[in-house]
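One structure is given here, and the rest of the page talks about it.
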Amino acid sequence: MMLTKKNLLNLPVYTESGQGLGRVVDFELDTETHLISRYHIKSKDLIKGLLNRELIIAKDQVISVTVEKMIVEDAMITVGKKVAAKKA
């Protein structure tokens with residue numbers, strides 16, 4: 001399956017256990033392999049603007065991507081104000 005930038009941006013992201021993490025807001029492309037290396041996810045906060053967290057998910061931590069949603073591994077670590085996924 002091929003997804004366009006339009007399909008990928010704003011795609012909802014969930015952990016494999018079903019926890020909603022937010023939506024894809026950006027991604028990084030590896031210029032050597034021409035593949036996406038990391039996804040930037042804006043977390044959904046109860047009070048918008050109060051907590052501006054961004055999740056950075058490595059491509060190795062993505063379990064599946066469809067036109068409806070992205071599923072990622074459950075393991076996460078917090079790094080300062082950013083949250084980055086870490087492979088268990």
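The values are calculated or read from the model by the stated rules, or taken from the named source; none is laboratory data. In this text, all values refer to a predicted model and were calculated from it rather than measured experimentally. Here the Cβ is made from the backbone with ideal geometry for all residues, glycine too, and neighbour counts use every protein chain on show. These accessible areas exclude ligands, DNA and RNA; they are computed on the full protein's heavy atoms, side chains included. Shrake-Rupley method; radii C 1.70, N 1.55, O 1.52, S 1.80 Å.
Tabulated values for the structure
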item	result
Check on ILE41, surrounded by 13 or more Cβ atoms within 10 Å (Cβ to Cβ) and modelled with pLDDT of 60 or more	yes
Single residue of region 2-26 satisfying the filter (in contact with a strand residue (DSSP E or B) (Cβ under 8 Å, 6 or more places away or on another chain) and in a loop (DSSP other than H, G, I, E, B)) that is least open to solvent (accessible area, probe 1.4 Å)	LEU11
Region 11-24, residues that are modelled with pLDDT of 95 or more and more than 8 Å from the chain's Cα centre (by Cα)	LEU11, PRO12
Unmet criterion (only one of (1) of a type outside the set (Lys, Arg); (2) modelled with pLDDT under 95; (3) touching a strand residue (DSSP E or B) at 6+ places or on another chain (Cβ under 9 Å); (4) in a loop (DSSP other than H, G, I, E, B)) for LEU50	(3)
Subset of region 27-44 (residues that are part of a strand (DSSP E or B) and either over 15 Å from LYS69 (Cα atoms) or not aliphatic (A, V, I, L, M) (or both))	PHE27, GLU28, LEU29, ASP30, LEU35, ILE36, SER37, ARG38, TYR39, HIS40, LYS42, SER43
